[in-house]
1. Could you please report the charge total around Thr381, scoring K, R as +1 and D, E as -1 over all other residues with beta-carbon less than 10 angstrom from its beta-carbon?
2. Sequence neighbours fewer than 8 away in the same chain don't count; with that in mind, list the lysines whose C-alpha is under 25 Å from Lys426.
3. Which residues in the stretch 300-319 place their backbone N less than 20 Å from a point set 7 Å from the Cα of Ala387 along the Cα-to-Cβ direction?
4. Rounded to whole Å, give me the distance from the Cα center of the stretch 124-203 to that of the stretch 82-111.
5. Where the centroid of each part is defined by its Cα atoms, how far is the stretch 329-359 from the stretch 1-78 in Å?
6. Taking the alpha carbon gyration tensor of the stretch 165-323, what are the square roots of 5 times its eigenvalues, largest first, to the nearest whole Å?
7. Going by accessible area, probe 1.4 Å, with all protein chains left in place, what is the ranking of Cys48, Cys238, largest first?
8. With the other protein chains left in place, how much accessible area per residue, in square angstrom, belongs to the chain at a 1.4 angstrom probe?
Amino acid sequence: MGKILLKNGEVLGPDGQVNKADLAIVDAVIDQVGTALDDWQADQVIDCTDKLIMPGLVNTHTHAAMTLFRSYADDMALMDWLQNKIWPAEDKLTSDDVYWGTQLAIAEMLKTGTTTFADMYSFMDDVAKAVEETGIRAVLSRGMIGVGPNAALALAESKSLYTDWHNGAEGRITVMLGPHAPYTCPPDYLKTVSALAEQLGAEIHIHLSETAGEVEECIKQYGKSPIALMNEVGLLDCGVLAAHCVHVSAEDISIMQKKMVRVAHNPGSNMKLASGVAPVPAMLEAGLVVGLGTDGASSNNNLDMLEELRLAALLHKVNTLNPVAIPAKEALAMATANGAAAVGLGKVTGKIAAGYQADIAIFSMKEPHWYPRHNRVSLLTYAANSADVDTVLVAGKVLLSNRKLTTIDEERIYSEVQQRGLKLEK
Ligand code: NI
């Protein structure tokens, strides 16, 4: 911490323009961005010649510890995958498993330029501990299933997670309530969740309208879509981060617009689990805030937000046969500032500007795919490789330096997760 000067770099500004500039950081916060900072007294100077300085990427939807299931069950549709593979394996998870799975996820995220993630899982105290120790920023939710023996326990644990960790880890952790989905949480349970959210002042992170089957089932059972049902039970009044929203109607989008629902769009997961293509261009047209997420590492296999950024820009060109559906600049905003707004941190992170937290990814532009340089935003979206991420700061602390993690013991993580991951298969 202290005073850090990033010198001689090219800085991606909030307007999407890239300019040569120096960046002065005081403790956790960006103090100045400018061209005449030569006399600025720094404790540490990081030379950024031939490097691109951008806001750290924001992953708006994860189940971080699911890294433990990476490569365990692939090429399946969502419900088959959940019911026959993932849920039985998750039943065996211990708190230590979740801690190490989360450490692995954080190592991967930092090395690929992500500085904030919004996580929904269980054993969230251990996730919070991993966040606190590693120095990354996170929005944490205890995933709640509203049927079965753990429904009440999940509510109690959500409440204590909020009390214990909201604004914790020097302000790097915020907490939301995480009812898993309408198909796992009946309306009465969701009313209880909404009441708790209101009492605590907490927002909600939930999966909505991920598959066509889920929407059909909801309409059959309740006579309305998941979005309309959530509106009826009052859940949308709490401030909602909704993951997926793949199968939403024009009427659903208009409800989401009224209730200012923010969307976590997960193109990689939606493709891999054959869930469909979210109507993101229509959502953007309605003025919704849309961020990008990877979802768990087993539904998507990696937590690389650069890949998600590229998919977000490409997917809708294929879907709508409209090459300007999601231009590079828009996709990049979704991966940074809009993602930050989606997870409730729009005034905190996601932009390189004075007063924002110094959550920063620095890309080396030395490789062949960075030439020629007509347009840096295009290069980042369509050509950059996450191995180009050289240095990462979160809250003004260098967590990755010359591609080396400074707060994480990688070898220890690999040995823990290899042994723990294989045990869950049995
Ligand atoms: Ni998910």
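1. Value of the local net charge: +2.
2. Lys85, Lys92, Lys272
3. Of the residues in the stretch 300-319, 301-311 have backbone N under 20 Å from the label point off Ala387.
4. So the two Cα centres are separated by 17 Å.
5. 11
6. So the equivalent ellipsoid measures 25, 20, 15 Å along its semi-axes.
7. Cys238, Cys48
8. With the other protein chains kept in place, the chain gives 38 Å² per residue.
The values are calculated or read from the model by the stated rules, or taken from the named source; none is laboratory data. Small disclaimer: the values here were computed from a predicted structure and weren't measured. Note that each Cβ is placed from the backbone with ideal geometry, even for glycine, and that neighbours are counted across all protein chains shown. Remember, those area values only see protein heavy atoms, side chains included, never the ligands or the DNA or RNA. Shrake-Rupley method; radii C 1.70, N 1.55, O 1.52, S 1.80 Å.
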